[in-house]
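One structure below.
The values are calculated or read from the model by the stated rules, or taken from the named source; none is laboratory data. This structure is a prediction, so every number in the text was calculated from the model and none was measured. Here the Cβ positions follow ideal geometry from the backbone for every residue, glycine too, while neighbour counts run over all protein chains shown. These accessible areas exclude ligands, DNA and RNA; they are computed on the full protein's heavy atoms, side chains included. Shrake-Rupley method; radii C 1.70, N 1.55, O 1.52, S 1.80 Å.
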Amino acid sequence: MSAVRRVLACLLLLGSAAMHGGVSAQTNPGFFNAPGYVPSQPSRAQTPRTAPNAEQSRERAGDAERGRRPVDERGARDADGRPFDDRLEPDRSRALPPPPPRPSEFQKFVELATGRLLQPFGHRFFADSAEAEIPADNVPVSADYIVSPGDEIVLRAWGSLDVDYRSKVDRNGQLNLPRVGSFNVAGVKASDLEAHLRAQLSRLYTNFSLSVSLGQLRAVKVFVVGPATRPGVYTLPSQATLLSAAVAAGGPAPNGSMRRLSLRRDGKIVSELDIYDFLVTGNKTRDLQLAAGDVIVFHNAGPQVALAGATDSPAIYELRDQTEPVANVLRYAGGASVLANPNRAQLERIDPSSGKAARFVEAFQLDVAGMRKQLRDGDILTLLAISPQFANAVTLQGHVAQPLRYPHTPGMRIRDLIPDRDALITPDFYRRKNMLVQVLEDPYPEADFRDERGRGRDRERSNERRGDRAVGADRNRSDTSAGGRDLPRARNTERETDLEITERARKSPAALFEELNWDYAVVERLDKSDLTTKVISFNLGKAVLQGDPENNIELLPGDVVTIYSQKDIRVPVGRQTRLVSVEGEVGAPGVYQLNPGETLKQLLRRAGGLTPQSYLYGLEFSREETRLRQNENLKQAMARLQALTATQAARDTANRRDDPTIGNVSAAATQAQLARLAQVQPNGRIALELTAEAKTIDALPDLPLEHADRIVVPARPGFVTVAGAVVNNNAFLWKPGRTAGDYVKLAGLDEAAEPSAMFILRADGTVSHANDSRGLFGYGGLKTQPLYPGDAVFVPNQLDFETWGRAFVRNLKDFSQIFAQFGLGAAAIQTLK
């Protein structure tokens, strides 16, 4: 039975092969299929294609959507000319790039010596050109193109001769024109073809016009051998040259030569191309046109040297001979860079005859003699960069008009570097001064520079600079480097700062200019004897304004002079320009410059005292430093509240496993409260703890004032505010004797109100909470406290809406379940006994 099965299988296979051959014969009637002969598939350029009909287009589109390769209607091959069975394996070779060539041994050697894997010179040219597809036709024909058999010629003539014909040059080099004759055109240049045919036709015809052009060109098959990147057989356009074939083959391999590329034709070398001549000078005199059967031979690389260091073209260069001068190698690399040190170059050389230590280092100059130095195989030439040192420069930085490097002159002193006061005015002052009269659109609409939040941002930045900056730090250098990393962001930050300062300057004077520290400036000097940095301090005012010889220090090349402002290093209070704003019910509101040690009482008296309408109990005294601290405390409080909320949620989940949705309402209320706290902006107000009966300046504390303090004396209000979980959030008329409970009754409590957490915000900035004053049995608490003009009562919402009754029932249910389980357990034990 097994033998019969084998015979049947063979017959089936033979029948399938016969059917397959029959289909091929019907599909390709122009080909003869002999037994045992598999006809080759014509190339896509030679195979005639017909446009698919609508049904075929839809089927192929559906196949493409389903991820299948479209199948040709002939059944034997698909639309790409591949066998039908090949559709089962996707063609990944087209999508994947070719693997990088393996580095040569010399490349590895140079990498161990320099830390860089250098590529051969010219590698990029072939790597970028290898992917370019060379079209077989429709390419411009050069004037020196030689017409050969297989080229198509388009000839049009009119007049006494009417011809419009396309014909190919036959193998004998003849162009056959029906009813005209045959003409020899092989070996004629493309630029001379029309004149050549005109001369031939003029022997037979007169009074005619002629137009001749080349149509489809022939293709030539060439062979690429030797250490090439992709050696093999290539079919190239007929006008391809030796260099074109080298590009198609990907150029030489890492061990191949770029100095010698041979073209062999009929067993003889007809040309040798030095690719360096083409890459460096563009010389193509030896780049001959290819013919069918040509052999392009890549040779092994000759002596090689490596060029590294301060050069724009670090690479591995191949020498033409056994030795070559340094000047030639630098010429290949585009010449020595101006950044290369001409006084020192380093050469690492291999000397096999020196015994154990076969490598040594040599230093030389890039002068005339150094350029003539001969390089040989295995050398590594390193160009050292020039030193960043300035030979005769003195650096001026800090709070100055032009932070630059200035040329040093013999006997140069501080006053020569800073000749007058204008050299100490920064450009920021003039820019912000000009912005006072400009109408500028704010590029940051989300930032409100007119509110309380914008008053201290500049002081925050100055405090950060003052805390982070050490003596002698280069502020301008760090700003420049930061701007280089993110220039648009640096410009936006600078503009934001200018807008803030300009907005403050519109309200208060002396806000545009950062005042100088006239008492302290430094000179940083490197002591070359022991390479230590010396910081020499001097009095800027005495040196620049008075010309004091003791402070007018003589400068040396390489010195760095740093000028500080009062924000960089804090000066004594008596030397600072401190401004305080006084507003409201005073005799002369305005911005006052503080005297040393001046207090709140003294300044209000200097401002003309209080008016009869003043309400001293509601005096608002705010300080910028306090605002910053309040902001930090608010952030910490919110972080603690978020942590407590998470802990409470976990505790509620553990205690209420039977109904985990009970705490959702409380959690939502807590999150809403956190959202409201996030919108709160501290104002820096300091509570003075005054009494409601205070009416004179003597009732104020002797509080020393600081820069940027703000004093607002309001007029006596006639209302009290009630807000929070009340029905009517409103202001009510103040009447003597009314308590907090009376005003809460006027506003009406909401269902979600929490009266036990109520608090009073007094007009002087103090707060009274319900927990601070609880009466006996609910009497005499916060509700009985009297209110004064300007006070505000706030009633918060409940956070836990579970009543005590529901809590009692829930706990009772839990205890009953526990006792029931105990009872069942005891009964079970009794039964077992």
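Accessible surface area normalised per residue over region 145-240 is 52 Å², counting heavy atoms of protein chains with a 1.4 Å rolling probe.
So which trypsin sites (Lys or Arg not before Pro) in region 301-389 are both in a DSSP loop and have at most 12 other Cβ atoms within 10 Å of their Cβ? Mind showing how you got there, number by number?
Details: sites: R320, R331, R344, R349, K356, R359, R372, K373, R376; in loops: R320, K356, R372, K373.
Answer in residue order: K356, R372.
Between A385 and F125, the FRET efficiency estimated from the beta carbon spacing at R0 = 22 angstrom works out to 0.20.
Tally Lys and Arg at +1 and Asp and Glu at -1 over the other residues with C-beta under 11 Å from the C-beta of R376: what net charge comes out? Kindly include the intermediate steps, with their values, before the conclusion.
Details: positive: R349, K373; negative: D321, E324, D351, D377, D379.
That sum, taken over residues with Cβ under 11 Å, equals -3.
Cut-off under 25 Å on the C-alpha distance; same-chain residues fewer than 8 positions from K745 excluded. Which lysines are left, in chain and number order? Within the straight-line cut-off, K745 pairs with K735, K783.
Assign one of three labels to region 261-303, namely rounded, prolate or oblate, based on the Cα gyration tensor with a ≥ b ≥ c the square roots of its eigenvalues; rounded applies when a/c is under 1.5, prolate when it is not and a/b is larger than b/c, and oblate otherwise.
Values: a/c = 2.86, a/b = 1.40, b/c = 2.04.
Verdict is oblate for region 261-303.
Here each label is just a point 7 Å from Cα along the line to Cβ, and for K813 and Q602 those points are 7.2 nm apart.
Excluding same-chain neighbours fewer than eight residues apart, no lysines are reachable from K534 by a Cα-Cα span under 16 Å.
Of the trypsin sites (Lys or Arg not before Pro) in region 188-249, which ones lie in a loop per DSSP and count no more than 11 other C-beta atoms within 10 Å? Here the sparse-neighbourhood loop sites are R203.
Compute the FRET efficiency between T323 and N172 as 1/(1 + (r/R0)^6), taking r as their Cβ-Cβ distance and R0 = 56 Å, and round to the nearest 0.05. According to the calculation, E is roughly 0.60.
For region 353-423 versus region 184-220, the spacing of their alpha-carbon centroids is 67 Å. Could you work out the local net charge near L616, counting Lys and Arg as +1, Asp and Glu as -1, over the other residues with Cβ closer than 12 Å to its Cβ? That sum, taken over residues with Cβ under 12 Å, equals -2.
Listed cross-link partners K433/K695; K108/K373; K567/K635 are compared with a 31 Å cut-off, the Cα-Cα value being larger for K433/K695. Accessible area per residue for region 317-419 is 56 Å², calculated with a 1.4 Å probe on protein heavy atoms, without ligands, DNA or RNA. What net charge do the residues around T409 carry, taking every other residue with its C-beta under 15 Å from that of T409, with Lys and Arg at +1 and Asp and Glu at -1? Net local charge, T409 excluded: 0.
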